[in-house]
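The values are calculated or read from the model by the stated rules, or taken from the named source; none is laboratory data. What you see is a predicted model; the values in this text were computed from it and never measured. Cβ: placed from backbone, ideal geometry, glycine included. Neighbour counts: every protein chain shown.
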Amino acid sequence: MPLQKLYHCLRGPKLYRQLRSDETQGKVYQGNFMESTGDRFLSVIRFCMSFTYWTSPVVLCVLYRRGYFSTEGLVSMGKFMFSIGVIYTVAYITRGVGRCSNADYITFLGILSAAQRSLTQQNKRMLARYDFEFWAWPVDWRMGENGEVKKIHQQIQRSKQLEFSITNLPQKILGYFAVHTFGRRMLYPGATALINALVGPVLSQSRATLVEEKKGQRAKLLSADGNEIDVLFVDRRHSGNQNGNTLVVCCEGNAGFYEIGCTVTPIEGGYSVLGWNHPGFSGSTGIPLPSQEQNAVDAVMQYAINSLGFTPDNIAVFAWSIGGYTASWVAMNYPDLKYIVVDATFDDLVPLAQARMPEYFENFVEFTVKSYLDLNITEQLTRYTGPILLIRRTRDEMITTKADPTGVKLYTNRGNYLLVKLLQFRYPHIADDSTLAVLADWLARLKPQQEDLWQTYEVNEEECLIRIRSYSQSESDVFPCNIGEDYSEEDKKKMVLYLASRYMVDFDSTHCNPLPATFFKTPWTPDSEDQPKFL
């Protein structure tokens, strides 16, 4: 066996399956006995290493109590680690030798090598027939090398209290330690090696379905900070469905992947869809910190515009849960978006983080979150003046701050606060102190009880719509707008209920159930041709 061939097989990526195409039948890749045995040992060792890392505080305590931190104990641990290293090395070589004698792997390796040398359309088409470890996939598109217009990004200004000083240095150090040990992993569990290993087979199967049945096209983007971003594009522009001309960029939750996440909803609705994985999720590299998240989604948007050929006014953004952060950042920086839909999204991370920590840590939690994980969705979303639809899940157990044995407390759903702050910014003379109590009462109710409140205040939809349309035709429709300056208090209450019913839709569900395609729709605007009826 040539040494060069063995070398490439040793260093080659794990092959999952050969995907179905017009020329070939799809099948799961089957390694021979040597390859399968070696790979099994490697997988077990890596899983144990990841599991040990996560349980390291407990493991260290157990080792200490059993005397492994003595001289004899350290020698025993050293011998054990050496044995594991030998087993790992033997398994690694065994897997490489097995690959060398597998014709399917050698064929794949030849196609991969050709694509890595020159990513022509032919080579890319051949490579797309395989699903394998994404680190070996050649870069399809690089941020900054394709003539895209450089943008001056809008950013939310940080409070001066968070700036470095001697007085807050201890908090800064403790906060940094907390965030980079357990904090970001709790916030984004999908970026941990353990979760990626557990869901890997499911992701591979779902990815195959997207490619084989939905004609998805996978690609690797290189963001401005050097992270590799795993994306998949489903093109429906020539399907005959009018929705296909709109591209929906999907922003997943903290344990969501485009293979099994919110991309399902717009795909079922017939839209063109661009899904991407957070830094550190599945094939994407990096860490899901705010700056890296911003660079990742910016690369996705620039790829959609400059490579896929969509204009911003034909791009919609759909976000689920914590994906509202990147979605709102896009909305703030791409004001010409067609619209944005956010599902089960909160207003700010601080209240949710505080609710899950002891009360005496409240100030420390706020300082740490705002210093390192400042996901203030409201501030970003209010910078966008286009159409917005908020979807609230009435049994959401994740973004509510209070619950009891009877269920979650709807009035503590942080989506309520997102709506209130959005209306306060856009309609400051309607969502003011005189109407906030009525709006809070509305948001604390389910639809049957909301109908009672609607009837109590005698809300007339047609009258409210006529007023808003009349204002937008006679005045500038930019936000914040001055409609309501001359309204009576009763008229303001009617209008705030009307606007709340237009900006937010309830979905009777918990946090993680897939959103039905019927809920994904173009948000309401005063000029909408099809006016939805609340009653």
Going through the range 306-325 one residue at a time, which ones are touching a residue at least 60 places away in the same chain (Cβ under 8 Å) and touching a Phe, Trp or Tyr at 6+ places or on another chain (Cβ under 9 Å)? 306, 307, 308, 315, 316, 317, 318, 319, 321, 322, 324
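Being more than 39 Å from the chain's Cα centre (by Cα) and polar (S, T, N, Q): is that true of residue 71 here? So that I can check it myself, show each step before the final result.
On the way: more than 39 Å from the chain's Cα centre (by Cα): yes; polar (S, T, N, Q): yes.
Spelling it out, residue 71 is indeed more than 39 Å from the chain's Cα centre (by Cα) and polar (S, T, N, Q).
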Would you be able to tell me the number of residues in the range 24-63 that are among the β-branched types (Val, Ile, Thr), part of a helix (DSSP H, G or I) and under 26 Å from residue 96 (Cα atoms)? 3
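Is one or more of the residues making up the range 249-264 small (Gly, Ala, Ser), over 20 Å from residue 203 (Cα atoms) and either surrounded by fewer than 24 Cβ atoms within 10 Å (Cβ to Cβ) or out of contact with any Lys or Arg (no Cβ under 8 Å at 6 or more places or on another chain) (or both)?
No: the range 249-264 contains no residue that is small (Gly, Ala, Ser), over 20 Å from residue 203 (Cα atoms) and either surrounded by fewer than 24 Cβ atoms within 10 Å (Cβ to Cβ) or out of contact with any Lys or Arg (no Cβ under 8 Å at 6 or more places or on another chain) (or both).
Looking at 194, 187, which is the one that is of a type in the set (A, V, I, L, M, F, W, C) and at pLDDT 90 or above?
On the way: 194 fails: at pLDDT 90 or above.
Of the residues listed, the single one that is of a type in the set (A, V, I, L, M, F, W, C) and at pLDDT 90 or above is 187.
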Looking at the range 400-426, I want the residues that are not assigned by TED's automatic domain parsing to the domain that holds residue 378 and have a partner that is surrounded by fewer than 17 Cβ atoms within 10 Å (Cβ to Cβ) and in a strand (DSSP E or B) with Cβ atoms under 7 Å, at least 6 apart or on another chain. Which pairs are those? 409/403
Restrict the check to the range 42-62 and report whether at least one residue is more than 30 Å from residue 206 (Cα to Cα), of a type in the set (A, V, I, L, M, F, W, C) and over 38 Å from the mean Cα position of the chain (by Cα). no
From 235, 298, 230, grab the single residue that is among the charged types (D, E, K, R) and more than 24 Å from residue 336 (Cα to Cα). 230
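Just to check your reading of the model, which residue among 238, 278 is assigned by TED's automatic domain parsing to the domain that holds residue 181 and buried (at least 24 other Cβ atoms within 10 Å of the Cβ)?
Exactly one residue qualifies, and that residue is 278.
So which residues in the range 169-190 are assigned to a helix (DSSP H, G or I), aromatic (Phe, Trp, Tyr) and surrounded by 14 or more Cβ atoms within 10 Å (Cβ to Cβ)? Walk me through it before giving the result.
As a first pass, look at the range 169-190 and keep what is assigned to a helix (DSSP H, G or I): 169-187, 189-190.
Next, from what is left, pick out any that are aromatic (Phe, Trp, Tyr): 176-177, 182.
Within the range 169-190, just 176 meets the criteria.
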How many of the residues making up the range 396-430 are at pLDDT 95 or above, closer than 14 Å to residue 511 by Cβ and in contact with an Asp or Glu (Cβ under 7 Å, 6 or more places away or on another chain)? 2
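Which one is nearest to residue 524 (Cα to Cα) among residues in the range 371-429 that are outside any loop (DSSP other than H, G, I, E, B) and among the small types (Gly, Ala, Ser)? Walk me through how you get there before you give the answer.
Going residue by residue through the range 371-429, those that are outside any loop (DSSP other than H, G, I, E, B) are 371-372, 376-381, 388-393, 400, 403-404, 407-408, 410-426.
If we keep only those that are among the small types (Gly, Ala, Ser) too, we end up with 371, 403, 407, 415.
Values: 371: 36, 403: 32, 407: 31, 415: 18 Å.
Among those residues, the one meeting the criterion is 415.
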The range 431-455, residues that are more than 20 Å from residue 508 (Cα to Cα) and assigned to a loop (DSSP other than H, G, I, E, B): 431, 432, 433, 434, 435
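Taking the range 499-509 as the search range and keeping residues that are touching a residue at least 60 places away in the same chain (Cβ under 8 Å) and surrounded by 15 or more Cβ atoms within 10 Å (Cβ to Cβ), which one is nearest to residue 471 (Cα to Cα)?
Step one: list which residues in the range 499-509 are touching a residue at least 60 places away in the same chain (Cβ under 8 Å), which gives 499-500, 503-509.
With the extra rule that they be surrounded by 15 or more Cβ atoms within 10 Å (Cβ to Cβ), the set shrinks to 499-500, 503-507, 509.
On the way: 499: 14, 500: 18, 503: 18, 504: 22, 505: 24, 506: 28, 507: 31, 509: 36 Å.
The extreme case among them is 499.
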Kindly provide the set of residues from the range 465-499 that are at pLDDT 95 or above and of a type outside the set (Ser, Thr, Tyr), ordered by number. 489, 490, 491, 492, 493, 494, 495, 496, 497, 499
Can residue 159 be described as more than 24 Å from residue 324 (Cβ to Cβ) and modelled with pLDDT under 95? no
